[in-house]
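Have a look at the structure below before the remarks.
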Amino acid sequence: MHGDAALSFDSENLLPSGLRRDQTEEALHDLSGGTKEQIAILTRLAFAGLFKRQGQHIPIILDDALVYSDDTRIVRMFTALTRVAQDQQILVFSCRQLAFQDLG
């Protein structure tokens, strides 16, 4: 999604705390709304994948997600969502019908 980017995590609560891109570390609170939103969704997908590997299938529910994503990144996110939806249930609620109509 973000090329050679890597997340850093807070060791106490295991939540993302920053993002490193092009040798620059950015605190999570300094990132754009779209980037924060994408990280949140990708984190949910990852946790759902971990649960799935342990035999616990949990639905992924997104409510008005990706409202801050630009056109290029929303296509990449849709690709990720479509890939995960091959074997996991994803429910997407949105008032942006045109943006999500081709998601499936």
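The table that follows gives values for the structure above.
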item	result
Residue selected from the stretch 1-46 under the condition free of Cβ contacts under 8 Å to residues at least 12 places away in the same chain and of a type in the set (D, E), by the criterion surrounded by the fewest Cβ atoms within 10 Å (Cβ to Cβ)	E12
Criterion violated by L91 - all others in (1) hydrophobic (A, V, I, L, M, F, W, C); (2) at positive phi; (3) in contact with a Pro (Cβ under 7 Å, 6 or more places away or on another chain) satisfied	(2)
Verdict on E26 being under 11 Å from the mean Cα position of the chain (by Cα) and outside any loop (DSSP other than H, G, I, E, B)	no
Enumeration of residues in the stretch 51-89 that are under 14 Å from Q38 (Cβ atoms) and among the polar types (S, T, N, Q)	S69, T72, T79
Filtered residues of the stretch 47-104 (kept if touching a residue at least 40 places away in the same chain (Cβ under 8 Å) and in a loop (DSSP other than H, G, I, E, B))	Q88
Enumeration of residues in the stretch 6-27 that are modelled with pLDDT of 85 or more and within 20 Å of A65 (Cβ to Cβ)	L19
Failed condition for D71, given (1) at pLDDT 90 or above; (2) out of contact with any Lys or Arg (no Cβ under 6 Å at 6 or more places or on another chain)	(1)
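The values are calculated or read from the model by the stated rules, or taken from the named source; none is laboratory data. Model, not experiment: these values are computed from the prediction. Glycine also receives a Cβ, built like all others from the backbone with ideal geometry; neighbour counts cover every protein chain displayed.
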